[in-house]
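Notes for the one structure printed next.
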Amino acid sequence: MCWSLFQLDVKSAFLHGPLEEEVYIQQPPGFISKGKEHRVYRLRKTLYGLRQAPRAWNKCIDSFLVKLDFTRCIVEHGVYVRGKGEELIIICLYVDDLLITGSNLTHINELKKVMQLEFEMTDLGKLSYFLGMEFTYTEAGMILHQRKYVKELLERFNMSVCNPTRSPMEVNLKLVDDENEADSEETLFKQIVGSLRFLCNSRPDLSYSVGLISIFMRRPKKTHMLAAKRLLRYVKGTADFGILFPFGKHNTDGGSLKLIGFTDSDHGGDCVERKSTSGYLFMLNGSPISWCSKKQPVVALSSCEAEYIAGSYAACQGVWLEEILKELMIPVTTPLLLKIDNVSAINLSKNPVSHGRSKHIEVRYHFLRDMVNKGRIALTYCNTEAQLADIFTKAVKINRFEWLRKEIGVRTSAVSLS
């Protein structure tokens, strides 16, 4: 299954939506009727700047797609599906930008013509740039990257000629909030962190480090700014990196795609609140489609508890991914395989063992056990060395970091599949 992606842009999208509410405006200068200067106009259609405009446009495009026999996905309202098998077409909608893909190129071209008759649209052809992200096609596959954004980012913060580094963060770096340390410029720090967070959309290898410095947005210290600038130095050295989606890599099981999850956690790694960091990664046929690095909201009393909580977060995301793939008519192997490197957490997910040490765990985290008992998720032990989610929970040594980065699909544009 190797489909092409096409992009359409709707011109003046917010002018298409009919207005249901009663909204009145003053007569614009130059168009005031003589003798009726005190009168106002009632709007029949939305205008840019009107509070109701985005919703009205969304309802307009939604009703049009429904008329074309598309079904809006229940678990992802910006995705529409029509047909199945050799007639399957999928539309991804983001405000006035549309991505179209499917199994039949002829049907896609026919759909484009129908939509262009209804709305004034620009056919941008094969997907190359979307919402600040670039798509490059090589012999190995399609690469999702943000090279242009990286260049602008480094220029903005005067780091274009900095010395690059091989890793985003020092191993065993402990960031604390030391009141005796000199403050850094708070606005600049926030701008750097915000810019790096957007870059994480195509760079999962940055997720943990960016998440860690994000804790210190209020009154950042000198060490926090140094950590942020080290991240920029790493970005400088890996400016052309992105996510590789290989062509022709099927690796299927009976016609179904393999969706595999990895979940991991440190224990009390946060030096300020002693909370743990959860990380998960989902690979579809060997390519990353979802990842997360997030500090847990509670203090875990053991590594087992921290891994169990992390597994619950991964289970929620895994179930959602399964549901959306099901709505897209894309078969995946079941049950969902979730790899974890803690035997105690696996046992706890199957049975309420060690009740005295686990009875305090909040109910919401037992979602993992419920999914395991229902057979929707299969937890399997994964050796720590092979745990790909490790990159989302801690700063690791350079050699291991580079190995993990490659394994999760982050490659340079000069890629090979070896």
### Summary
D (µm²/s, integer) via Stokes-Einstein for the chain, Kirkwood Rh across alpha-carbon pairs, 25 °C, 0.890 mPa s: value 101
### Query
What nm distance separates the two modelled labels at GLU155 and SER413, each placed 7 Å from Cα along Cα→Cβ?
1.6
### Task
Enumerate the amide H contacts of CYS292 below 5 Å, restricted to partners 5 or more residues apart or on another chain; note that Pro and chain-start residues carry no placed amide H.
TYR280
### Query
Using +1 on the beta carbon of Lys and Arg, -1 on that of Asp and Glu, and nothing else charged, what's the dipole of the chain about the Cα centre, debye to 20?
440
### Query
If we count other beta carbons within 10 Å of each Cβ, what is the order of LEU259, LEU117, fewest first?
LEU117, LEU259
#### Entry: Three-way shape label, the range 123-192, alpha-carbon gyration tensor, a/c 1.5
prolate
### Sites ARG219 and ASN163 - FRET efficiency at Förster radius 25 Å, r taken between beta-carbons, to 0.05
0.35
### Task
Treating the angle as unsigned and between 0 and 90°, give the value, to the nearest 10°, between the Cα long axis of helix 398-407 and the longest Cα principal axis of the chain.
50
### Message
Give me a comma-separated list of calculated 3J(HN,Hα) values for the range 196-202, in order, Karplus coefficients 6.51, -1.76, 1.60 applied at θ = phi - 60°, integers in Hz, x for any Gly or Pro.
### Response
5, 5, 5, 5, 5, 4, 10
### Message
Let's see if you can work this out: charge +1 on each Lys and Arg Cβ, -1 on each Asp and Glu Cβ, no other charges. What is the dipole magnitude of the range 250-411 about its Cα centre, in debye to the nearest 20?
### Response
120
### Message
Quick one: 3J(HN,Hα) in Hz for the range 362-379, Karplus 6.51/-1.76/1.60 with θ = phi - 60°, rounded, Gly and Pro as x.
### Response
4, 4, 4, 7, 7, 4, 4, 4, 4, 5, 5, 5, 7, x, 7, 10, 10, 7
### Query
Excluding THR165 itself, what net charge comes from residues whose Cβ is under 14 Å from its Cβ, given Lys and Arg +1 and Asp and Glu -1?
+4
### Query
Roughly how many nanometres apart are two label points built 7 Å out from the Cα toward the Cβ at ILE289 and LYS45?
3.8
### Message
Under 10 Å, Cα contacts only: if you run a Gaussian network model on the chain, which one of THR71, THR238, THR46 comes out with the highest mean-square fluctuation?
### Response
THR46
### Task
Arrange the following residues from fewest to most other Cβ atoms within 10 Å of their Cβ: GLU322, GLU181.
GLU181, GLU322
#### Entry: Mean ellipticity per residue at 222 nm, deg cm²/dmol - from DSSP H runs of n ≥ 4 across the chain, formula -39500 (n - 2.57)
-9500 deg cm²/dmol
### Query
If we sort 226-236, 106-116, 55-65 on the protection proxy, mean other Cβ atoms within 10 Å, highest first, what's the order?
226-236, 55-65, 106-116
### Query
Taking θ as phi - 60°, what are the ³J(HN,Hα) couplings along the range 141-149 by the Karplus curve (6.51, -1.76, 1.60), each to the nearest whole Hz, with x for Gly and Pro?
x, 9, 10, 8, 8, 9, 4, 4, 5
#### Entry: Alpha-carbon centroid distance for the pair the range 165-181 / the range 265-315, whole angstrom
20
### Message
What does the extension gain come out to for ILE32 and HIS107, with contour length at 0.36 nm per residue minus their alpha carbon separation?
### Response
22.1 nm
### Task
Would you mind classifying the range 250-411 by shape? Square roots of the alpha carbon gyration tensor eigenvalues, ordered a ≥ b ≥ c; an a/c under 1.5 is rounded, otherwise it is prolate if a/b is larger than b/c and oblate if not.
oblate
### Query
Of LYS258/LYS294; LYS236/LYS295; LYS67/LYS112, which sit over 18 Å apart, Cα to Cα?
LYS258/LYS294; LYS236/LYS295
### Query
With charges set only on the Cβ (+1 for Lys and Arg, -1 for Asp and Glu), what does the dipole of the range 295-357 come to about its Cα centre, in debye to the nearest 20?
160
### Message
Please compare each pair in LYS350/LYS397; LYS11/LYS113; LYS148/LYS394; LYS126/LYS151 to a cut-off of 22 Å on the Cα-Cα distance and tell me which ones are over it.
### Response
LYS350/LYS397; LYS148/LYS394; LYS126/LYS151
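Any read-out appearing in this document is the output of simple, stated calculations on the displayed coordinates, not a laboratory observation. Given the structure is predicted, the values throughout are model-derived calculations rather than measurements. Backbone-built Cβ (ideal geometry, glycine too); neighbour counts: all protein chains shown.
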